[in-house]
Amino acid sequence: MDDKFKFQRIERELRRRSRASSVEDAWDRIDKDDDLSVKEKLEKLINLTGARKTHPSPKRAAPPPPRDPILVTDNPYPLTTRYGRTQIAEGLAVRGDVLKCLAKDEAFADLDLSTALFLDLETTGLAGGTGTVAFLVGLGYYRDDRFHVAQYFLGEMGEEGRLIDELGRFFREMEFRSVVTYNGKAFDLPLLETRFVLQRRAFALSDLPHLDLLFSARHLWKHKHENCRLSHLAQQIVAAERSEDIPSAEIPFRYFDYLRSGDFSVIEPILYHNQEDILSLLGLLIAAAKLFVADREDEAPGGVDAMDMFGVGKVFENLKDLERSVAYFERALAGNLPDELVVAIKRKLSEHFKRNADWDKALPLWKKMTSLEDQLFSFRELAMYFEHKAKRLEDAMKAAEEGLALAVNGSSDYRLDFEHRLVRLEAKLLKRKTGR
């Protein structure tokens, strides 16, 4: 990583935070006024916070230096660069069939990451809407044996039209064939498209296949990690060093502070954060793709553990590819898993085998379930199987009676189910014995 944004951070932060809290409080009050436009709100914020002094000043401060209305930077990383556990070159080896699974989109089958655009925005608000402006657009892409992280920064709100023009020209010239984001389907892409529409410009990315990694990340890792925030997963899975990072919620207030003061030092951490998000997205996508090589006989599983196997199984389950999801669930069950995942997998497998009438595999799973909730579920399944499939009414009665005994201290739904089931079974047995 480039360390230029890490210099002199501590001293600047101590000076800045005394200003940031007053800016944030003022914005909270101003933003509630729905009769004001975004521009009017910003002008009011600048006037309010500009009049306050956090410390005595014996003389008028020198005017801030002129700032660039549009700042464009490019940070190229050689393919041999390592980001945490991953090497940037590994992204070029990710195959289209894996991207297709992660994106849940057949359009990726014939694509790879060499023509993909990684996109991440920093904005004036986290809620979106027409009043939210993307003041920093981070773009990652492979070109000329490098992975580039380009950043388009809006230094003056009145220059948004020019920023949109430059971005539009960049998109057209680069001819990207797909887009990769993290929560971009709900936030980044719709917001950026709105800014293009408001400027009456065509948005070249709207028709491209879109891989929003957030959805697959939840399937793969929600059961394994504390949360699925990009920065958290990058630290836990990719081993990315993000100790200098700032909270996303703080970013809009830093930008407002910059518009008021012209102090670019408050923006530098945002540029660093945005670069990290782009590289984290690439690293996390590489890590996700590696989990799928365990599905290939000609490749090593790459250290995929039972928890990862369960995650990949959930991806295939979401794709309705039940055969592969079952294969991964069975392999996960053979590993070391928490009890709650063992329960979930056994249920998923038994339901699959039941749908396929594979009773030789379903019955042992039901008989091995040991927790109270598991036993209630399994006794009901056994009772249904013996009554309706095997036609062994005595065994069905036994399963229902054992289930009812457990349900007395458990679920009322299960208790009622077993009671009704026993009444019906007794009637069937009586009919069998008497012929009536």
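Can you list the helices (runs of 4 or more DSSP H) lying wholly within segment 318-409 that have 3 or more residues being more than 30 Å from K431 (Cβ to Cβ) and without any contact (Cβ under 8 Å) to a residue 60 or more places away in the chain? Lay out the reasoning, then the answer.
On the way: elements: 322-333, 339-355, 359-368, 372-384, 393-407.
Of the helices (runs of 4 or more DSSP H) lying wholly inside segment 318-409, those with at least 3 residues that are more than 30 Å from K431 (Cβ to Cβ) and without any contact (Cβ under 8 Å) to a residue 60 or more places away in the chain span 322-333, 339-355, 359-368, 372-384.
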Only residues in segment 281-294 that are touching a residue at least 40 places away in the same chain (Cβ under 8 Å) count as the first member; pair them with residues that are outside any helix (DSSP H, G or I) and among the polar types (S, T, N, Q), Cβ under 7 angstrom, at least 6 apart or cross-chain, and list the lot. G283/T86; I286/T86; A287/T86
Listed residues D25, D97, D110; which is more than 26 Å from L192 (Cα to Cα), part of a helix (DSSP H, G or I) and modelled with pLDDT of 70 or more? D97
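Would it be correct to say that E381 is modelled with pLDDT of 90 or more and within 20 Å of D413 (Cβ to Cβ)?
On the way: modelled with pLDDT of 90 or more: yes; within 20 Å of D413 (Cβ to Cβ): yes.
Yes.
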For segment 243-292, enumerate the residues that are in contact with a strand residue (DSSP E or B) (Cβ under 9 Å, 6 or more places away or on another chain) and outside any helix (DSSP H, G or I). I267
Among the residues of segment 149-162, are any under 22 Å from the mean Cα position of the chain (by Cα), assigned by TED's automatic domain parsing to the domain that holds E250 and more than 14 Å from I278 (Cβ to Cβ)? no
Check off (1) more than 21 Å from the chain's Cα centre (by Cα); (2) surrounded by 16 or more Cβ atoms within 10 Å (Cβ to Cβ); (3) polar (S, T, N, Q) for T115 and give me the number that stays unchecked. (2)
Among the residues that make up segment 139-154, is at least one of them modelled with pLDDT of 95 or more and small (G, A, S)? yes
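Condition test on E173, is it in a helix (DSSP H, G or I) and free of Cβ contacts under 8 Å to residues at least 24 places away in the same chain? Quick ask: steps written out before the conclusion?
Working: in a helix (DSSP H, G or I): yes; free of Cβ contacts under 8 Å to residues at least 24 places away in the same chain: yes.
Answer is yes for this residue.
Somewhere in segment 62-70, is a residue more than 28 Å from D321 (Cα to Cα), modelled with pLDDT under 95 and surrounded by 19 or more Cβ atoms within 10 Å (Cβ to Cβ)?
From segment 62-70, those more than 28 Å from D321 (Cα to Cα) are 62-70; that's our starting set.
Of the ones still in play, those that are also modelled with pLDDT under 95 are 62-70.
Of the ones still in play, those that are also surrounded by 19 or more Cβ atoms within 10 Å (Cβ to Cβ) are none.
Taking every residue of segment 62-70 in turn, none turns out to be more than 28 Å from D321 (Cα to Cα), modelled with pLDDT under 95 and surrounded by 19 or more Cβ atoms within 10 Å (Cβ to Cβ).
So which residues in segment 163-174 are under 26 Å from the mean Cα position of the chain (by Cα) and surrounded by fewer than 20 Cβ atoms within 10 Å (Cβ to Cβ)? Show your work before the answer.
First pass over segment 163-174, keeping only residues under 26 Å from the mean Cα position of the chain (by Cα): 167, 171.
Answer for segment 163-174, where residues must be under 26 Å from the mean Cα position of the chain (by Cα) and surrounded by fewer than 20 Cβ atoms within 10 Å (Cβ to Cβ): just F171.
In contact (Cβ under 8 Å) with a residue 40 or more places away in the chain and either farther than 30 Å from G262 by Cα or β-branched (V, I, T) (or both): which single residue out of A103, A109 fits that description? Don't jump to the end; show me each part of the working.
Details: A109 fails: in contact (Cβ under 8 Å) with a residue 40 or more places away in the chain.
The unique qualifying residue is A103.
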Considering residues that are within 13 Å of the chain's Cα centre (by Cα) and part of a loop (DSSP other than H, G, I, E, B), the number found within segment 227-242 is 3
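Could you list, in sequence order, the residues of segment 418-436 that are within 53 Å of the chain's Cα centre (by Cα) and of a type outside the set (D, E, K, R)? Break it down stepwise before answering.
Within segment 418-436, the subset within 53 Å of the chain's Cα centre (by Cα) is 418-426, 428.
Scanning segment 418-436 gives F418, H420, L422, V423, L425.
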When only residues in segment 257-297 that are among the polar types (S, T, N, Q) and within 18 Å of I88 (Cβ to Cβ) count, which is surrounded by the most Cβ atoms within 10 Å (Cβ to Cβ)? S280
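The values are calculated or read from the model by the stated rules, or taken from the named source; none is laboratory data. Quick caveat: nothing in here was measured; it's all calculated off a predicted structure. Neighbour counts are summed over all protein chains in view; Cβ atoms, including those assigned to glycine, are modelled from backbone coordinates with ideal geometry.
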